[in-house]
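Asker: Quick one: the structure is below, questions incoming.
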Amino acid sequence: MNKFWVGTNWKMTKTIAEGSFYTKELKKIAEKLSNIELFIIPSHTSLVSIKELTENSKIHIGAQNMHWESEGAYTGEISPTMLHEIGMNIVELGHSERRQYYNETDESINKKVIAALKYGMKPLVCIGENSTQKKNNISKETLAAQLIVCLKGLTAEQVKHVMIAYEPVWAIGEDGTPADAAYVEEIHGFLREKLKDLFDSKGNDIPILYGGSVNKENFLEYSKLQDVNGLFIGRAAWDIESFRVILHTLNSQVYR
Ligand code: 13P
């Protein structure tokens, strides 16, 4: 795989003004990147202004969630039609915080994946085991089940537009513990094999990104691991200067 994906999930941070400042700086950084597919996932209120700001740049923009129906009586939700209308390239689905706080299930994520593909958006499907599952030694079983259900019904042709983010729940956020590189490599290898089981050789074309307490100290090590095709970063990318260092270093190091 010759593309290395690097993106940031802003979660519920940044006003429109803060997001605009950040994005203007990121555009300058992006001009100098040749080896990286760069994306940002802002909150819904910033999507239109950031899409406009990044017109004619190489930065992809995605939303943090969406409903699977095109329209309907679903107060508070946003539809694939709406995201398509504002030119979204990516939609992040099934982040562990959505699973944990908003009861997202693999079944609902599957419906959203199918809807995203129908509207020409790349689903970025987040999977990850929690600490109890890891302790009980069922990480791989958990991840395999998440992949099977979230990608159910997809053809090999469709699946080449999908990206996976492996984010162990115990590694995410302020209380998270960064994962050992060896563990990340083992799990990414396992996910690659599972994707090949499910989609034959097309399983090789699905980027698998790593996320969960990626920071200035560990990003380089993770980026060099077999079957790590990108990084999905929260806190360490919210400050543009911190993200600049990560991107410049990766751009000069990544050659695959
Ligand atoms: P942190 O990098 O802040 O742990 O968040 C990762 C994440 O949840 C990306 O989706």
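Asker: Which residue fluctuates the most in the chain, going by a Gaussian network model with Cα springs under 10 Å, if the choices are VAL184, VAL245, VAL214?
Answerer: Taking springs between Cα atoms under 10 Å, the residue moving most is VAL245.
Asker: Please build a GNM for the chain, connecting alpha carbons under 10 Å apart, and tell me which residue among VAL48, VAL91, VAL113 fluctuates the most.
Answerer: The residue that fluctuates most here is VAL48.
Asker: Right, next: So for the pair GLU186, GLU52, with labels modelled 7 Å out along Cα→Cβ, what separation do we get in nm?
Answerer: Spacing of the two 7 Å Cα→Cβ label points: 5.1 nm.
Asker: Right, something else. Once neighbouring chains are kept in place and the probe is 1.4 Å, which whole percent of the accessible area of segment 105-237 is contributed by carbon and sulfur?
Answerer: 47
Asker: Also, I was wondering about something else. Quickly work out the ASN2-to-GLN226 label distance, labels modelled 7 Å from Cα along the C-beta direction, and quote it in nm with one decimal.
Answerer: With each label point 7 Å from Cα toward Cβ, the separation is 2.3 nm.
Asker: In addition: Quick one: give the max-minus-min coordinate of the C-alpha atoms of the chain along each principal axis, largest first, in Å.
Answerer: Over the chain, Cα extents along the principal axes are 46, 44, 36 Å.
Asker: Of ILE90, VAL149, THR13, which is farthest towards the positive pole of the chain's charge dipole, taken about the Cα centre with +1 and -1 on the beta-carbons of Lys, Arg and Asp, Glu respectively?
Answerer: ILE90
Asker: Which residue, ALA179, ALA165, ALA156, tops the fluctuation ranking in a GNM of the chain built on C-alpha contacts under 10 Å?
Answerer: Residue with maximal mean-square fluctuation among ALA179, ALA165, ALA156: ALA156.
Asker: Per residue, how large is the accessible surface of the chain? Use a 1.4 angstrom probe and give square angstrom.
Answerer: For the chain, the per-residue accessible area is 46 Å².
Asker: Counting only residues 5 or more places away or on other chains, whose amide H sits under 5 Å from the amide H of ILE36 once H atoms are built in the peptide plane?
Answerer: none
The values are calculated or read from the model by the stated rules, or taken from the named source; none is laboratory data. Just so it is clear, the model here is predicted, and its values are computed rather than measured. Methodologically, a virtual Cβ is constructed for each residue, glycine included, from the backbone with ideal geometry; neighbour enumeration extends over all protein chains shown. Calculation scope for accessible area: heavy atoms of the full protein, side chains included, ligands and nucleic acids excluded. Shrake-Rupley method; radii C 1.70, N 1.55, O 1.52, S 1.80 Å.
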